[in-house]
Amino acid sequence: DTGVSQNPRHKITKRGQNVTFRCDPISEHNRLYWYRQTLGQGPEFLTYFQNEAQLEKSRLLSDRFSAERPKGSFSTLEIQRTEQGDSAMYLCASSFRDNPYEQYFGPGTRLTVT
Amino acid sequence: GEDVEQSLFLSVREGDSSVINCTYTDSSSTYLYWYKQEPGAGLQLLTYIFSNMDMKQDQRLTVLLNKKDKHLSLRIADTQTGDSAIYFCAESIESSTGTASKLTFGTGTRLQVTL
């Protein structure tokens, strides 16, 4: 399967713990995006990378959230001191340099904070 | 500001056509998209249209764009049970670097296909 992959698919954590999610984009896709989707809502943009550079961050991305893409390939999204309001589906998408308008999404990581 | 609105629910009979509607507010939108999401899954890109186009057809899917009214629609011909899902409308705006960046999504329309 050469699509966007995300790990883990599900994560249950206690409030106050740190969690880290990983996204592997489609090979040779230079742009990588993170979105968050809560129940009954559409995805909301969090941040995106072009290669290893983080070019835009949403105001939704509080200082407890940090994203990295150190080598311009996979990306990690870390949430520190999780809160119940962080419970959501975290979606990753990627797009190709020559066609940046097509974003392809992974299956998501569902986070439940208890 | 950016705001994308959709109706919440649509029910159609198998074999009929479905029309899902969307309105957006940002007149500087460059691309408008339709994504499909099945239960527990990520989003599947169905089709998209550049803002200088009025219509795009792709097999059973027809996208109509009325830029004056900021209205986008997705018509699914010969709707099948496998089309049951949530359909999201989304817009992107050209960034300062000259390429599209983030997508702004609507809340989604749940399509139910009955026999």
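Computed from the coordinates by the stated procedures, all read-outs in this text should not be read as laboratory data. Worth saying up front: this structure is predicted, and the values here are computed from it rather than measured. Cβ atoms come from the backbone with ideal geometry, glycine included; neighbour counts cover every protein chain shown.
In the elastic network of chain A, a GNM with C-alpha springs shorter than 10 Å, the most mobile of A:Arg15, A:Arg36, A:Arg59 is A:Arg59.
Chain A: longest stretch without exposed GluC sites (Glu not before Pro) (DSSP loop, at most 12 other Cβ within 10 Å), sites themselves excluded? Spell out each step's value before the answer.
Values: sites that count: A:Glu28, A:Glu83.
In short, A:29-82.
Over its Cα atoms, what ratio of radius of gyration to 2.2 N^0.38 Å does segment B:1-62 give?
Dividing the Cα radius of gyration by 2.2 N^0.38 Å gives 1.26.
Once you average over the residues of A:34-41, how many Cβ atoms of partner chains fall within 10 Å of each Cβ? The partial results should precede the final answer.
Working: counts 0, 5, 0, 6, 0, 0, 5, 5.
What the average comes to for A:34-41 is 3.
Could you name the aspartates and glutamates in cross-link range of B:Lys56, using Cα to Cα under 18 Å and dropping any fewer than eight places away on the same chain? Filter leaves A:Glu102, B:Asp69, B:Asp78, B:Glu91. Mean sequence separation of contacting Cα pairs (under 8 Å, at least six apart), scaled by the length of chain A, corresponds to a relative contact order of 37 percent. Taking max minus min of the alpha-carbon positions on each principal axis, the protein assembly as shown gives extents of 49, 41, 36 Å, largest first.
Report, to two decimal places, the Cα Rg of segment A:6-114 normalised by 2.2 N^0.38 Å (N = number of residues). Intermediate values should be presented prior to the final figure.
Numbers: Rg = 13.2 Å, N = 109, 2.2 N^0.38 = 13.1 Å.
That works out to 1.01 for segment A:6-114.
Across q = 0.15, 0.19, 0.20 Å⁻¹, chain B modelled as identical point scatterers on its alpha-carbon atoms has Debye log10 I(q)/I(0) values of -0.61, -0.96, -1.05, in the order of the q list.
Taking segment B:1-65, which trypsin sites (Lys or Arg not before Pro) meet the DSSP loop condition and have no more than 14 other C-beta atoms within 10 Å? Numbers along the way, then the final one.
Numbers: sites: B:Arg13, B:Lys36, B:Lys56, B:Arg60; in loops: B:Arg60.
Filter output for segment B:1-65: B:Arg60.
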